[in-house]
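First the structure, in the form of structure tokens, and then the observations on it.
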């Protein structure tokens, strides 16, 4: 398992590396302190996951995230001191799979990263799974819809799969939250709204008037059969 840490604060980077040595000793760690170097490592070293700080000295972390998402669906966990809801939403909309606000516990960071990787799941060959008009890759990281291949983040894939499995029925916010994060938590509904908005932008002809993913106020979402 290869983990890329993009963090300009040397002390924080060293603490994270120590956490890996204690709690995940077999992980191979690559560290860099700038966005440009981070992008180069993504292309050259093919890490399995990224821990990304937003306050980088050369490029804003959100821009780094967007650039990575332009060519890769690698799991990305944001590490940030920007705790305002608007910043968190911005990070999720840009393609982050998870976020954790500084200061954070070292073991909590590892737990969130491992949970993100579990959600990602293994890729097994070229198998596909079909639910109505949606044809998923085995890993649920890509889907064929209306003749187009659409790339999904790990979390987007899990949400779409859960809705597709229950096509025609409402899937509650709580069920979706437990599917993604293992539990329901304060703020989960707002996070789900962000992910569903991203899915609509990728799948719907007119995201403001969705015909595939339908909202049910105070209940959850459904996919039409």
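The values are calculated or read from the model by the stated rules, or taken from the named source; none is laboratory data. Quick caveat, the model's predicted, so the values are computed rather than measured. FYI the Cβ positions are ideal-geometry reconstructions off the backbone, even for glycines, and counts take in every protein chain you see.
Hey, which of the strands (runs of 3 or more DSSP E) in region 12-122, taking only ones fully inside, have at least 1 residues that are closer than 27 Å to residue 183 by Cα? Reasoning before the result, please.
Numbers: elements: 28-32, 49-53, 76-80, 98-101.
Once the strands (runs of 3 or more DSSP E) in region 12-122 are filtered for at least 1 residues that are closer than 27 Å to residue 183 by Cα, what remains is 49-53, 76-80, 98-101.
Determine whether region 172-183 contains at least one residue that is in a helix (DSSP H, G or I), over 28 Å from residue 74 (Cβ atoms) and over 16 Å from the mean Cα position of the chain (by Cα). Reasoning before the result, please.
Restricting attention to region 172-183, the residues satisfying the condition of being in a helix (DSSP H, G or I) are 173-181.
Of the ones still in play, those that are also over 28 Å from residue 74 (Cβ atoms) are 174.
Narrowing the set further to residues that are over 16 Å from the mean Cα position of the chain (by Cα) leaves 174.
Yes, because at least one residue in region 172-183 is in a helix (DSSP H, G or I), over 28 Å from residue 74 (Cβ atoms) and over 16 Å from the mean Cα position of the chain (by Cα).
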- prompt: Looking at 193, 201, which is the one that is in a helix (DSSP H, G or I), surrounded by fewer than 14 Cβ atoms within 10 Å (Cβ to Cβ) and either at pLDDT below 90 or not assigned by TED's automatic domain parsing to the domain that holds residue 69 (or both)?
  reply: 201
- prompt: Considering region 12-30 alone, what residues qualify as being in contact with a strand residue (DSSP E or B) (Cβ under 6 Å, 6 or more places away or on another chain) and farther than 19 Å from residue 81 by Cβ?
  reply: 17, 20, 27, 28, 29, 30
